[in-house]
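Heads up, the thing below is written out as structure tokens.
The values are calculated or read from the model by the stated rules, or taken from the named source; none is laboratory data. All values reported here derive from a predicted model rather than from experimental measurement. FYI the Cβ positions are ideal-geometry reconstructions off the backbone, even for glycines, and counts take in every protein chain you see. The protein model used for the area step is the full one, side chains on, heavy atoms only, and it has no ligands, DNA or RNA in it. Shrake-Rupley method; radii C 1.70, N 1.55, O 1.52, S 1.80 Å.
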Amino acid sequence: MLPVNWDTIRLFLHVLAATVWVGGQLTLAALVPVLRRLGADIPRAAARRFNQVAWPAFAVLIVTGVWNVIAVRSQITGSYAVTLWVKLLVVAISGVTAALHARAQSKTGLAVFGALTGISALGALFLGILLAG
Ligand code: HEM
């Protein structure tokens with residue numbers, strides 16, 4: 001059995017939180033058409049419940065992200081540093097557009113911010129794999 005160390009715990013928590021933030025958004029988006037058939041308010045009720053799980057997951061991503069940066073600080077030079085800065089920008093866009101999506105009143109606002117937070121969440125995931133690769 002391979003040894004479990006703090007790097008294992010750090011990446012386990014970071015990836016677990018990423019599965020909730022990214023996977024949860026994609027799953028909820030896939031469920032919306034069925035939820036809407038159950039009642040006009042059902043999708044918003046489901047989204048509100050998802051937010052109660054998603055935002056703590058986002059907080060864990062930030063905390064374990066900082067822990068990641070401390071753990072790999074010797075590698076943060078050149079193209080690794082550029083990739084990390086791009087990732088942080090994409091993570092910020094993911095958080096801000098998720099908050100704007102949750103507050104959107106118009107169908108257009110819901111659709112545009114919903115798409116932006118989903119795409120940027122996928123982007124953060126991809127950039128994370130790039131960093132760890
Ligand atoms: C939506 C938010 C985020 C997602 C979806 C995400 C996703 C990921 C994933 C999937 C990995 C690869 C883990 C592995 O394969 O070992 C990773 C690694 C990493 N992430 Fe994130 N992350 C997010 C936010 C952050 C934040 C906010 C920071 C910094 C403050 C950060 C810093 C890092 C670093 C430095 C690594 C490389 C860790 C290593 O190689 O040990 N991430 N991220």
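Structure data summary
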quantity	calculated
Whether the range 47-101 is rounded, prolate or oblate, judged on the alpha carbon gyration tensor where a/c under 1.5 counts as rounded	oblate
Carbon plus sulfur fraction of accessible area for the chain, probe 1.4 Å, in percent	75
Global geometry of the range 10-133, whether rounded, prolate or oblate, following the gyration tensor of its Cα atoms and the 1.5 cut on a/c	prolate
Note, ³J(HN,Hα) from phi for the range 17-23, Karplus 6.51, -1.76, 1.60, rounded to Hz, x at Gly and Pro	5, 5, 5, 6, 5, 7, x
For the chain: accessible area per residue (Å², 1.4 Å)	66
Degrees between helix 78-103 axis and first principal axis of the chain (Cα, 0 to 90, nearest 10)	20
Principal-axis tilt of helix 42-71 within the chain, Cα atoms, nearest 10 degrees	10
Nearest-ten-degree value, helix 24-38 long axis tilted from longest Cα axis of the chain	10
Neighbour net charge for Ala132 - beta-carbon separation under 14 angstrom, K R +1, D E -1	+1
